[in-house]
Amino acid sequence: MIRLGIPSKGRLMEQTFDWFAERGVRLSRSGSDREYAGRVDGAEGVALVLLSAGEIPRELQAGRIHLGVTGTDLVREKLAGWRGHVEELAPMGFGHADLILAVPACWTDCESLDDFATITRDFRATHGFRLRIATKYHRLVRAWLSDQEVADYQLVDSQGATEGTVANLTAEAIADITSSGETLRANHLKVIEGAPILGSQATLFRSIAAGDEAEVAALVAQLGLET
Amino acid sequence: MTDKRIKQAVGQRILAAFRDAGAVEVAPDILLPAETLLDLYGEDIRARAYITQDPIRGEVMMRPDFTVPVVQMHMATGAEPARYCYLGEVFRKQDHGEFPPEHARDNEYLQAGFELFARDTDADAEVFALFHQTLAGLNLRATMGDMDLLLDAVRALPLSGARRAALLHHIWRPRRFSALLARFSAPPEARSFPTSQAAWSGLRSREEMLARIDRLVSDAAEEPLAPIWADRLERLFAITGPAPDALLALRQLSREIPDIRDAVDRLDARLAALAGRGIDPATIRFDASLGRHTMEYYDGMTFAFEAEGHPDWPPVASGGRYDALVAVLGQAQGRAIPAVGGIIRPGLVAELEGAA
């Protein structure tokens, strides 16, 4: 039995259902809306597992599901050495979101990351502590800033309402996922110029630990994907 | 994998050699206050060190290296000349990004170290010679660098204080340094700072921003740095080779950058002192950029001993001079003393000996 892990809620689930339906595999929730069980029509030997999108990377790593749909951001953030644990089978064309670095819109002297790097240095000299960036994407943000050779900052954990941390004086900048940028504007923030830290979208992943390669390959072929 | 007891025995042997060289053995804590280390190394250390929470002490870090606790201990008891040695584990996460490592490296490994606090100019040669002698017979490649040379060369640039400070700050971040140098060498780009309609938000004040804008405006009025300076720096950074040849190249370059003469003289004296201790300078490789890619705190001589057959290994031993670090950590007590030291990885020594 191939176990297919799908986000259990909202638009991401519906778009995932649509994506599979276009490829001849009909997924649906069985029973009531509150029950996390599902059925699969149009493919043999496949079980649907409804999970929180955030748990899917871990389940893929452990091999408890063979295939899973989740954001590239979550896989890269949660799985160290992710290419050793999962294979990216197909970007699915929805769930687009960029992980970006944003600063107060009133900082007219801060456009590029070079500006930001200088400001972090000044800030530390003036305030006696390192400029705070609120985020829940610790590994991705740290690795990116390290790669860009920005040093005088600290990450503070923020698991929600991250855009509000600057006005609340618990951070000077934020790194978060944004799709339209409206929440940023509403909170008087602007995105630093240049490429995002990561461009993410919903993606179908294969677990390397789960095995059953022939069965998985058959399903992948049926979906019209190449491995 | 070499048995831990064998590594421990090798470590004890190295420690004995350090004690024979006059060092007092010390045993710093394993759990260190995270704040000091984070302030020194920056957020990046979180990716490499194990941090945990103590209900009373707050964030604590499992010892990622010995230098900081040894310096702190020394500065707390006074800033007198001293020699210390130690043997113990350090703990490092090995998070390699997208791909898991082919051969997982150890997350905990032994370090045997020697730190010398002294105002004596012979201290560099003493430490280098001690490591050289302790590692003799392992066929390692000895490399020496000198951050002092590079820092003096940057200080010599005909630039404003602000530009010079920015370059000095980034000397350990090669790409940011090159980008800055390129910017300072080019005609200034006019930049406008439109008034923003957005409400003021956050802790950074409007005054702080205006101060920076003033700085940017006066910076844009600066004459670009003549291209010959970037060229001289690049030639300096690229000097590598047997130490006597490198010394000649440095002497030649010091005609164009007279401010590095003192540092070149010191290197010359250090190599002569090593020859006096029976180490042929021609067997030492000099690499002017050694230390630019490693720890930010080395600001004088740097050194590394590497196993040539194992390009994927970290150096078997490494170290250098870190006067500025001591000054920073001694600030509270208002004390400072020059210091130089290094560590040997007994685990790698044991592997080399086991293979032989």
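Just so it is clear, none of the values below were taken in a lab; they were calculated from the coordinates. Note that this is a predicted model, so its numbers are computed, not measured. All Cβ positions, glycine included, derive from the backbone under ideal geometry; neighbour counts span all protein chains shown.
Sorted fewest first by neighbouring Cβ atoms within 10 angstrom, B:Glu189, B:Glu43, B:Glu59 come out as B:Glu189, B:Glu59, B:Glu43. GNM on chain A, alpha-carbon springs under 10 angstrom: the most fluctuating residue among A:Glu172, A:Glu14, A:Glu22 is A:Glu22. For chain B, averaging the sequence separation of C-alpha pairs within contact (under 8 Å, six or more residues apart) and dividing by the residue count gives a relative contact order of 25 percent. Of A:Thr16, A:Thr108, A:Thr165, the residue with the greatest mean-square motion in the GNM of chain A, using alpha carbon springs below 10 Å, is A:Thr108. Full extension of the chain between B:Arg19 and B:Val328 yields a length gain of 108.5 nm, computed as 0.36 nm times the residue separation minus the alpha carbon distance. Relative to the longest principal axis of the Cα atoms of chain B, the long axis of helix B:346-355 lies at roughly 60 degrees. Size descriptors for chain A, from the alpha-carbon set: Rg then Dmax equal 20.2, 65 Å. If R0 is taken as 51 Å, the Cβ-Cβ distance between B:Ala220 and A:Asp41 corresponds to a FRET efficiency of 0.15. Our estimate of slack between A:Gln222 and A:Arg11, defined as 0.36 nm per intervening residue step minus the Cα-Cα distance, is 73.5 nm. Taken along the Cα-to-beta-carbon direction at a fixed 7 Å, the label points for B:Arg105 and A:Ala21 span 5.1 nm.
Once a ≥ b ≥ c are taken as the square roots of the eigenvalues of the Cα gyration tensor of the range A:97-199, is the result rounded (a/c under 1.5), prolate (a/b larger than b/c) or oblate (a/b not larger than b/c)? Here the range A:97-199 falls in the rounded category.
Please give the average number of partner chain Cβ atoms lying within 10 Å of the Cβ of each residue in A:106-116, rounded to a whole number.
Whole-number average of other-chain Cβ neighbours for A:106-116 is 5.
Applying the criteria of a DSSP loop state and at most 15 other Cβ atoms within 10 Å to the GluC sites (Glu not before Pro) of the range B:277-356 yields B:Glu308. Pairing the Cα long axis of helix B:4-20 with the longest principal axis of chain B, what angle in degrees results, from 0 to 90 and rounded to the nearest 10? Roughly 80 degrees, rounded to the nearest 10. Pairs of lysine residues in the protein assembly as shown that meet both criteria, 8 or more places apart or on different chains and Cα atoms under 24 Å apart, total 8.
Take the Cα of B:Thr121, go 7 Å toward its beta carbon, and the backbone nitrogen atoms of the range B:269-295 under 15 Å from that spot belong to B:269-274. The helix-only estimate of mean residue ellipticity at 222 nm for the protein assembly as shown, built from DSSP H runs of length n ≥ 4 each weighted as -39500 (n - 2.57), is -11000 deg cm²/dmol after division by the residue total. Simple point charges give the picture: +1 on the Cβ of Lys and Arg, -1 on the Cβ of Asp and Glu, and for the range A:97-199 a dipole about the Cα centre of about 380 debye. Dipole size of chain B about its Cα centre, with +1 on Lys/Arg Cβ and -1 on Asp/Glu Cβ: approximately 320 debye, rounded to the nearest 20.
Projection of the Cα convex hull of the protein assembly as shown, averaged over all directions and equal to a quarter of that hull's surface, yields 31.5 nm². Of the residues A:Trp144, A:Trp107, A:Trp82, the one that moves most in a GNM of chain A with alpha-carbon contacts below 10 Å is A:Trp107.
Taking the range B:75-160, which GluC sites (Glu not before Pro) meet the DSSP loop condition and have no more than 16 other C-beta atoms within 10 Å? Hits after loop and neighbour filter: B:Glu98, B:Glu102.
Over all other residues within a Cβ to Cβ distance under 13 Å of B:Arg212, the charged ones net out to -4, with Lys and Arg as +1 and Asp and Glu as -1.
Taken residue by residue and averaged, Cβ atoms of other chains lying within 10 Å of the Cβ of B:191-202 number 6. Site pair B:Ser178 and B:Arg191 shows an inter-label distance of 2.2 nm when each label is modelled 7 Å from Cα along Cα→Cβ. 3J(HN,Hα) along the range B:180-187: 5, 4, 5, 5, 5, 8, 9, x Hz, from the Karplus curve 6.51 cos²θ - 1.76 cosθ + 1.60 with θ = phi - 60°, whole Hz, x for Gly and Pro. If the Kirkwood radius is taken over C-alpha pairs of chain B, then at 20 °C and 1.002 mPa s the Stokes-Einstein diffusion coefficient equals 95 µm²/s. Sorting B:Asp280, B:Asp219 by the number of Cβ atoms found within 10 Å of their own Cβ, with the fewest placed first, yields B:Asp280, B:Asp219. Could you calculate the FRET efficiency of B:Ser289 with B:Trp200 from 1/(1 + (r/R0)^6), where r is the beta carbon distance between them and R0 is 51 Å, rounded to 0.05? Efficiency computed from Cβ-Cβ geometry: 0.70. In this simple spin-label approximation, B:Glu353 and B:Ala230 carry label points 7 Å from Cα along the Cα→Cβ vector, and these lie 5.1 nm apart.
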